[in-house]
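Single-structure report; data block below.
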Amino acid sequence: MKINVTGGEMSRAEIDEYIKYAGLKHPGRQICQIDINIDGEFVDLQFHFKDTDFQHAYRSADYLVNNMEKLNDAKQCEFSQKLTHKLKESANGTD
């Protein structure tokens with residue numbers, strides 16, 4: 001992880017606390033860079049995240065979930081009975 005500190009100096013212990021804070025604030029996201037801008041008594045933080053692979057989203061009653069286990073049994077049953085539609089590839093390879 002890349003850490004950029006501007007506007008002053010900061011101890012390694014304080015930087016580690018901001019890294020810990022970032023992990024707690026954004027669970028499940030992979031942070032690749034943190035920009036720390038010291039502005040007098042205040043600190044501005046900017047987090048940069050790694051791109052995540054988009055695998056699948058399920059729409060259920062206007063909720064988007066990425067895992068069927070998050071749905072109740074009735075919705076899981078409903079999705080198991082749905083027909084899936086495949087994308088058709090055109091002759092030139094684009095749709």
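Could you tell me what % of all Cα pairs in the range 2-49 have separations over 12 Å? The calculated P(r) of the range 2-49 puts 61 percent of pairs beyond 12 Å.
By the beta-carbon count within 10 Å of each Cβ, the least crowded to most crowded order of Ile34, Ile3, fewest first, is Ile3, Ile34. Between amide H atoms placed 1.01 Å from N, distances below 5 Å from Leu71 occur with no residue 5 or more places distant or on a separate chain.
Since every read-out is calculated from the coordinates, none of them should be taken as a lab result. Here the structure is a predicted model, which is why all the values come from computation and not from measurement. Quick reminder, even Gly has a Cβ in these numbers, built from the backbone with ideal geometry, and neighbours come from all protein chains shown.
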